[in-house]
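A short worksheet on the structure shown next.
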Amino acid sequence: MNPSKEQLVEALYNEYMYLIHDDYDPEEDMSAEEYLKLMQSLSVEELIEETGTDEEFTLEEFLEAYG
């Protein structure tokens, strides 16, 4: 699977929004805009690493869940 940078950024952003939805702390967490800018600045390889996927939770499954 060779996802595009845009697909990875969107999925990571969606995951972040899910994670901070009920538990956002402005003193600890980046804003959604800050997180999006950070993700857009990363390479495809860095984005894939950021997903935290492995043999148990694959990149394909991550993209299905958050893409």
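Some points to look at:
- For region 15-48, filtered to residues that are surrounded by 14 or more Cβ atoms within 10 Å (Cβ to Cβ) and acidic (D, E), the residue that is nearest to L59 (Cα to Cα) is E15.
Condition check ((1) acidic (D, E); (2) within 12 Å of the chain's Cα centre (by Cα)) across all residues:
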{"position": "E15", "(1), (2)": "yes, yes"}
{"position": "Y24", "(1), (2)": "no, no"}
{"position": "E27", "(1), (2)": "yes, no"}
{"position": "M30", "(1), (2)": "no, no"}
{"position": "K37", "(1), (2)": "no, yes"}
{"position": "T53", "(1), (2)": "no, yes"}
{"position": "E61", "(1), (2)": "yes, no"}
{"position": "E64", "(1), (2)": "yes, no"}
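- Scanning region 41-50 for residues that are within 11 Å of the chain's Cα centre (by Cα) and under 12 Å from Q7 (Cα atoms) yields L47, I48.
Rundown of residues vs (1) of a type in the set (S, T, N, Q); (2) touching a helix residue (DSSP H, G or I) at 6+ places or on another chain (Cβ under 9 Å); (3) free of Cβ contacts under 8 Å to residues at least 24 places away in the same chain, yes/no style:
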| position | (1), (2), (3) |
| --- | --- |
| L12 | no, yes, no |
| L19 | no, no, yes |
| P26 | no, no, yes |
| E33 | no, no, yes |
| L36 | no, yes, no |
| T51 | yes, yes, no |
| F57 | no, yes, yes |
| L63 | no, yes, no |
| G67 | no, yes, no |
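Every number in this text was worked out from the coordinates using simple rules, so none of it is lab data. Predicted, not measured: the structure shown is a model, and the values here were computed from it. Here the Cβ is made from the backbone with ideal geometry for all residues, glycine too, and neighbour counts use every protein chain on show.
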